[in-house]
Amino acid sequence: MIPISYNVRSLAVRKATTVATALGIGLVVFVLASALMLAHGVQKTMGKSGQPENAIVMRKGSDSEMQSTIEDPLVGIILSASGVAQDASGKPVGTAEVVSVATMDKFGTDGVSNVQFRGVRDDVMSFRPEVSIIEGRMLSPGTDEVIVGKQVRGRFRGLDIGQSVDLRKNRPVRVVGVFAANGSSFESEVWGDLDTIRAGFGRMGNVSSVRVRLESPSKLDGFEAAVEQDKQLGLEVLREDVYYEKQSEGTSVFITAMGMVIAVFFSIGAMIGAMITMYAAVAGRTREIGTLRALGFSRFAILASFLLEASLLAVVGGVVGSLAALAMGAVKFSMMNFTSFSEITFSFTPTPEIVIGSVVFAILMGLLGGLFPAVRAARVSPVQAMRAG
Amino acid sequence: MSTQEATFAASANGKPIVVLKGIHKSYQRGKEPVNVLNGLNLEVPEGSFEALMGPSGSGKSTLLNLIAGLDKPTTGTVSVAGVDLGAMSDAELAKWRSRTIGFIFQAYNLIPVLSAIENVELPLLLTHLSRADRRKRAETALKIVGLADRMHHNPRQLSGGQEQRVAIARSIVNDPQIIVADEPTGDLDRESADEILQLLDRLSKEFKKTIFMVTHDPAAAQHASLVRRLDKGALQ
Amino acid sequence: MNLGVLASRSLVRNRARTVLTALGVAVAVLTFVLLRTVLVSWTASVDAAVQDRIATRHKVTFVMTLPKHYAQDIGKIPGLGPSTYSNWFGAKDPNDENEFFATIAVDPVSFLEVYDEILVTPEDRKRWLENRRGALVGDMLAKKKGWKVGDVITLTGTIYPGDWQFEIAGLYTATRKSVDRSTLWFHWDYLNDALSDSRKDQIGWISTRVRDPSRAADISKAIDTTFDEMEVPTLTMSERAMNSSFLASFSAILTALDVVSMVILGIMTLILGNTIAMGTRERTGEFGIMRAIGFRPRHIAIIVLAEGLIIAALGGGLGLVIAYPFVEQGLGRWLEENMGGFFPFFDIAPETSAMALGLACVLGLFAAILPARRAARLNAIDAIRRIA
């Protein structure tokens, strides 16, 4: 087989052309990898919001917490169902919350956007140990105080420490702290006392959802059976992480689909670019190829060599594109999550699969683009090459 | 010759049309300057057919480039057709060349995507002649070199000798005072080379053009009225 | 024969490379046109939104309702034309959970008055008005679901749980392209009668025509000030303001699409630049001889720039030729039918085509600048020496 150094040197000699073509492939990889990273970021952000040992209970048929209504008396029944863990004093570990959206003025665009508000009980911090106050302090139960997630803090009018927003007429809620929640979607929410929020949104007497900590993830089926058996109650149970997966599915599928469609179109352009470059390379090296054939290298060796060269070119582009996409990790992307109709901030989250997959995609582009030129190279006969000069 | 062809004839009165005095030309190659021409003097009378021979690297092409206004000497004066080339800017030189000099090179003379007549027409694009006039002149030039029947052929369809003949036609179409030829027969076989040299003869004797030819070919030199030798940057 | 002819003939010389490059440009232009059409179509709702209609809804969140008597109270504000009220119903077809189409409860007579861009035949209108559980359905939605006038359909309520039956009473089309034709409207009374006391007599929002569109902002404020004194505060905006703020929540995606459409132009420029550079590198000898004969550097530059422009224009034209049938016959119709809410009409705007072609030509010239400068700067001697 022809040594790789031959290809490397040939690429290095045609520096400008190599760079231009590799850059084209790199751009395609950048776009695809970024889209995939964003889709993954969506899943991760939503996914972090749910734990496998928690279960969420909502009204049957609700697509999300926001559409669900559970009357107060049912909360106690749910919390005492079998399979629910108990704390040291024998109390069930669980909480009930109200969720709604409010329209807020967004800084930076001259429009408004929807922010999710969550009414929480005073035991919320012990139920969610991953949440911590990073600035200011926790809200006091039974008051008009709220805390804001770090992704919404400062991005909407009234959502910063010391500021306030009106829910009810003349009933403002004041921001006293900022919280972090391990990069989950909770960080795009505003949390307030359950009753305050209920009153603010006119939802006295019911909650959106009930969450429980199961004794162990395997207790889910038992809990589910206990809660769903009474059809009159009209409730359904989901494992918390599964619930959040479904929440993110629509959005992440949308982003993935868009990213792939765009990447396909772009890749056609990049492959044409690779084809032009490789055809020129073959045309310029006809004599060389003839010499190689005369020396005894087979047609297949020539074919493989040029395919390899195209792949090398593509790998360079793929790596550059992937690195650029990784740099996108510093960028925050906030968009409307379709299922909850509220704005959530996502980030571009890489995985080894995405990076490797992107480079493989680049190599594929190189192979496809370089195929016809490589075949032409393989067809060169030693005699014809000598004549070409 | 016909009246049309007569428009291409010059008047030869024997006075020097090229005067080079005290020519030094050196290039910077790395640290050391390389002296290509050393204190050279040259006079070429109008209407003469001169050949310049010498070993490779002796500076033949460099001298040719100075005469043709393609290059300037490091020191010394170049005066061609009464004009001091040293005083001219690049733009003025380009204009001067298009009116005064006809070029014949060893290879790659013709533009492959243009037909024979279009190649001959090329220098005339720099003039204010109308399209019809350009065509007429180009046709006449092709007739002089005997290729009028191939005027619409592409260089690919012409033999080496025919290509050079088209190049000669192009070199006279702008009615230059001097034709410079750099190895015009270098790539040709004996028969074609002879054809070319006979054409140059005709240009010199019938049309009274001044021809300055650089060549390796002793047979080519024989057609010239004067052969000079250049060795190590000085004329023998 | 002139410099332009030289440029175009040189392109023909290496036909394969020119064709491939033009194809590359064509694909780039096609993609660019698609992306821009998505952007234009998505944001079209803002431009097409009428100025003379305002919407009043709950101040805090669209999830909460207004008391029904607000729909009458609003009539007291001066400067208003006809007014109507609606509730978002949000039902689903039980056979296809993932499908989305809008279902809204309206007061039929005032609805058709306020939304006069909705076109209904007199027979369908009569049928709908007379049938309490009648539904007025967009022709695109009906076509997609295979519904015909007279069909009885069942939908599953989400906000208002349970199974709800409707009878297709008529189909509607619209006077304007930008109106979504995949919505189902039914009688508000039909919904209200089935609700419990706690949920009864609540409306989602009020739509009102204003007599003088230039006063829309003032009138909106007047409405909100009035209702501020009552039990539920409101927020009133013109339809255009509402659409534009809805879009604002997608601003990140729109920006991303914008960026991506620039990226494809970048790829296109690279392909063009690469090809032109290759072509000029091969012709140093030619250019050298032209310089010797007396052509100036700018002549050489013009030839190279012209080549860039010609391939770009060819590729751009080809891209447009492919784009039109692709969008008009294929993609556009599919999007209108299946995602009509987002893309009520998906056509290539003339501005988009002009922009695409124009950009292709400009970038073709731009891509040729560096090779042109390099080719022009080379002096005759160096150029010729390279061939000897």
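Throughout, read-outs are computed from the coordinates displayed, never taken from laboratory work. Everything numeric in this text was worked out from a predicted model, so none of it was measured. Virtual Cβ from ideal backbone geometry, glycine too; neighbours counted across all protein chains shown.
A few remarks follow.
- Size of charge dipole - the protein assembly as shown - debye, nearest 20, with Cβ of Lys, Arg +1 and Asp, Glu -1, no other charges: 4960 debye
- Projected label distance in nm at A:GLN163 and B:VAL83, using a 7 Å step from Cα toward the beta-carbon: 7.6 nm
- Legend: calculated FRET efficiency, B:ARG29 to C:ARG373, from the Cβ-Cβ distance at R0 = 30 Å, rounded to 0.05, equals 0.70.
- 10 Å beta-carbon shell around A:ALA181, net charge (K/R +1, D/E -1): 0
- DSSP bridge analysis restricted to segment C:53-210 gives an antiparallel fraction near 75%, rounded to the nearest 5.
- Candidate aspartates and glutamates for bridging to C:LYS92, where Cα separation is under 16 Å - those fewer than 8 sequence places away on the same chain excluded: A:ASP63, C:ASP163, C:GLU167
- Residue-wise HN-Hα coupling along segment B:179-184, computed from phi with Karplus coefficients 6.51, -1.76, 1.60 (Hz; x: Gly, Pro): 10, 9, 10, 9, 6, x
- C:ARG53 long-range amide H proximity, modeled H, under 5 Å: C:VAL210, C:GLU239
- Relative contact order of segment B:119-193: 38 percent, from C-alpha pairs under 8 Å at least 6 residues apart in sequence.
- Net charge, C:GLU97 excluded, C-beta distance under 12 Å - Lys, Arg +1, Asp, Glu -1: -2
- Ascending count of other beta-carbon atoms within 10 Å, so fewest first, for A:VAL28, A:VAL261: A:VAL261, A:VAL28
- Ranking C:THR236, A:LEU167, A:GLY329 by Cα position along the charge dipole of the protein assembly as shown, where only Lys, Arg, Asp and Glu carry charges on their C-beta atoms, puts A:GLY329 farthest toward the positive end.
- Cα principal axis extents for segment C:53-210, largest first, Å: 44, 36, 28
- Arranged from fewest to most other beta-carbon atoms within 10 Å of their beta carbon, A:MET271, B:MET151 become B:MET151, A:MET271.
- FRET efficiency, 1/(1 + (r/R0)^6) with R0 56 Å, evaluated for A:ALA304 and B:ALA234 via beta carbons: 0.45
- Among C:ASN95, C:ASN87, C:ASN192, the largest mean-square fluctuation in a Gaussian network model of chain C, built with springs joining Cα atoms closer than 10 Å, belongs to C:ASN95.
- Cross-link pairs B:LYS72/B:LYS232; A:LYS48/A:LYS91; C:LYS68/C:LYS145; A:LYS106/C:LYS144; A:LYS106/C:LYS76; B:LYS60/B:LYS208 - those with Cα-Cα distance over 29 Å: C:LYS68/C:LYS145; A:LYS106/C:LYS144; A:LYS106/C:LYS76
- Within chain A, the selection of entire DSSP H helices by a Cα span of 18 Å or greater along the long axis and an average Kyte-Doolittle value of at least -1.0 returns A:15-48, A:240-284, A:299-327, A:352-379.
- For chain C, the mean residue ellipticity at 222 nm estimated from helices alone is -18000 deg cm²/dmol, where every DSSP H run of n ≥ 4 contributes -39500 (n - 2.57) and the total is divided by all residues, rounded to the nearest 500.
- In degrees, nearest ten, helix B:190-205 long axis to first principal axis of chain B (Cα): 80 degrees
- Segment C:65-139 and segment B:49-69 have Cα centres lying 94 Å from one another.
- Prolate/oblate/rounded call for chain C, Cα gyration tensor, a/c under 1.5 rounded: prolate
- Among B:GLU32, B:GLU46, B:GLU92, the largest mean-square fluctuation in a Gaussian network model of chain B, built with springs joining Cα atoms closer than 10 Å, belongs to B:GLU32.
- Mean separation of Cα contacts under 8 Å (6+ apart) over length of chain B, as relative contact order %: 30 percent
- Listed residues A:PRO129, A:PRO373, A:PRO217, most fluctuating in chain A (Gaussian network, C-alpha, under 10 Å): A:PRO129
- Beta bridges from DSSP with both residues in the protein assembly as shown: antiparallel share about 70 percent, rounded to the nearest 5.
- Signed unit charges on C-beta, dipole axis of chain B, positive-most listed residue B:HIS153, B:SER58, B:THR74: B:THR74
- Around C:ALA354: net Lys/Arg minus Asp/Glu count, Cβ-Cβ under 15 Å: -1
- Normalised by the number of residues in chain A, the mean separation of alpha-carbon contacts (under 8 Å, six or more apart) gives a relative contact order of 30 percent.
- Given charges at Cβ of Lys, Arg, Asp, Glu: the protein assembly as shown dipole, positive-most of B:THR100, A:PRO217, C:PHE89: B:THR100
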